Amino acid sequence: MFVFAHQNLMNGSFEHAIARRNGNQYFLVLSRRYGLAPYREISHLNVSTPQSLTPLPQSIDGRPYIWLDCSSDHLEFIPHQNPGILTALLNAEPRPIIKLCGLTRRMSAPSGATDRYSEGEVIEVEKVELLLSEDELAHSCYYCGEVEMDGGENFERIGGKAYSSTYGCATPWISRAISGVGRYWDNMQ
């Protein structure tokens, strides 16, 4: 898992990672549990993208494109959500997480973001290329939704390939229960 930090994210005090869940949904997460943080998920990065197991369009280098239209319930950590996250991902240390594609689109503000936007407000969002490989993402368990932690046990890949892979956490009974799903998924592709 690739771990990064930036001043715009929680004052640079915590390390973060990017997680993929439910096929094509990307999230900014804390890379591990921190004692005072009640949750690890900070922001859903591509909230307007319908959830699907179909991979997102990819760059010539095989990396996914996403529309960076963030939604978060945790604004106390990131006061100016979209500009803060965009800047942080472009300038993350030790290397950038995204690259701008030069395309923007106007869309309705993400639902649930009424604390940042007026009801019915139209916003402009950036299309970005995610510069992380599948192996650099924090993997999410297909069954329970738990996300890998930096320094913790890696989740087992149980099906799929590249950015359509599915993973199971290390809990043995869960891994056994979903290994059949992974075999089914591989046979469907």
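The values are calculated or read from the model by the stated rules, or taken from the named source; none is laboratory data. None of these values were measured; they are calculated from a predicted model. As a convention, Cβ positions derive from the backbone with ideal geometry for all residues, glycine included, and neighbour counts pool all protein chains shown. With ligands, DNA and RNA removed, areas are computed over all heavy atoms of the protein, side chains included. Shrake-Rupley method; radii C 1.70, N 1.55, O 1.52, S 1.80 Å.
Just a few scattered comments:
- Restricting attention to the range 10-28 and to residues that are over 18 Å from Pro64 (Cα atoms) and open to solvent by less than 20 Å² (accessible area, probe 1.4 Å), the residue that is modelled with the highest pLDDT turns out to be His16.
- The number of residues in the range 144-168 that are in contact (Cβ under 8 Å) with a residue 60 or more places away in the chain and either touching a Cys at 6+ places or on another chain (Cβ under 9 Å) or closer than 15 Å to Arg40 by Cβ (or both) comes to 7.
- The set of residues in the range 30-47 being among the charged types (D, E, K, R) and open to solvent by 30 Å² or more (accessible area, probe 1.4 Å) consists of Arg32, Arg33, Glu41.
- Leu68 vs. criteria at pLDDT 85 or above and touching a helix residue (DSSP H, G or I) at 6+ places or on another chain (Cβ under 8 Å): yes
- Boolean, Ala138 is on the phi > 0 side of the Ramachandran plot and touching a residue at least 24 places away in the same chain (Cβ under 8 Å): no
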